Amino acid sequence: QVQLVESGGGLVQPGGSLRLSCAASGSIVIFYTMAWYRQAPGKQRELVAASHRFGTTNYTDSVKGRFTISRDNAKNTVYLQMNSLKPEDTAVYYCNINRGSYSAWGQGTQVTVSS
């Protein structure tokens, strides 16, 4: 059973940056996909970025060029560097780890982009 703990959310002005972290415990995650999702009020949860076990990554179109996902397998941690933040990036961000039929979620961290 993998447990995920997110950190790094907060309030930031438009154009600012934040870095989210997600630390996994309970299993070695090198063979898993690690991803970030977000859910804004009244909207469905959406995939933001994913880091796959062979090093490939993918992003939703709205964050391409602004967000970067990275992982440190030695630390069982995945990061999301968010630059040039916009008010529409405001959401609860969730860390996810999955492999095959297995999937686990973190508790979420709030990101608010507002002046």
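Figures for the structure shown
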read-out	value
Criterion violated by TYR93 - all others in (1) over 12 Å from the mean Cα position of the chain (by Cα); (2) under 12 Å from ARG38 (Cβ atoms) satisfied	(1)
Residue pairs meeting the criteria (Cβ under 6 Å; at least 6 apart or on separate chains; first surrounded by 15 or more Cβ atoms within 10 Å (Cβ to Cβ), in region 88-115; second among the acidic types (Asp, Glu))	CYS95/GLU6; GLY106/GLU6; THR109/GLU6; VAL113/ASP89
Positions within region 46-76 being under 15 Å from ILE97 (Cβ atoms) and either of a type in the set (Lys, Arg) or in contact with an Asp or Glu (Cβ under 6 Å, 6 or more places away or on another chain) (or both), in sequence order	ARG53, ARG71, LYS75
Residue count for region 26-54, restricted to those that are small (Gly, Ala, Ser) and within 16 Å of the chain's Cα centre (by Cα)	5
Output for region 56-78, where each listed residue is of a type in the set (S, T, N, Q), outside any strand (DSSP E or B) and either touching a residue at least 12 places away in the same chain (Cβ under 8 Å) or surrounded by 15 or more Cβ atoms within 10 Å (Cβ to Cβ) (or both)	THR60, SER62, ASN73, ASN76
Count of region 18-40 residues which are open to solvent by 60 Å² or more (accessible area, probe 1.4 Å) and either of a type in the set (Ser, Thr, Tyr) or without any contact (Cβ under 8 Å) to a residue 40 or more places away in the chain (or both)	1
Single residue of region 20-55 satisfying the filter (part of a strand (DSSP E or B) and polar (S, T, N, Q)) that is nearest to SER7 (Cα to Cα)	SER21
Residues of region 79-101 that turn out to be under 16 Å from ARG19 (Cα atoms), among the small types (Gly, Ala, Ser) and not in a strand (DSSP E or B), as a count	1
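The values are calculated or read from the model by the stated rules, or taken from the named source; none is laboratory data. Owing to the predicted nature of the structure, the values given are computational and were not obtained by experimental measurement. Counting neighbours? That spans all protein chains shown, and the Cβs are built from the backbone with ideal geometry, glycine included. Only protein heavy atoms, including side chains, enter the accessible area calculation; ligands, DNA and RNA are left aside. Shrake-Rupley method; radii C 1.70, N 1.55, O 1.52, S 1.80 Å.
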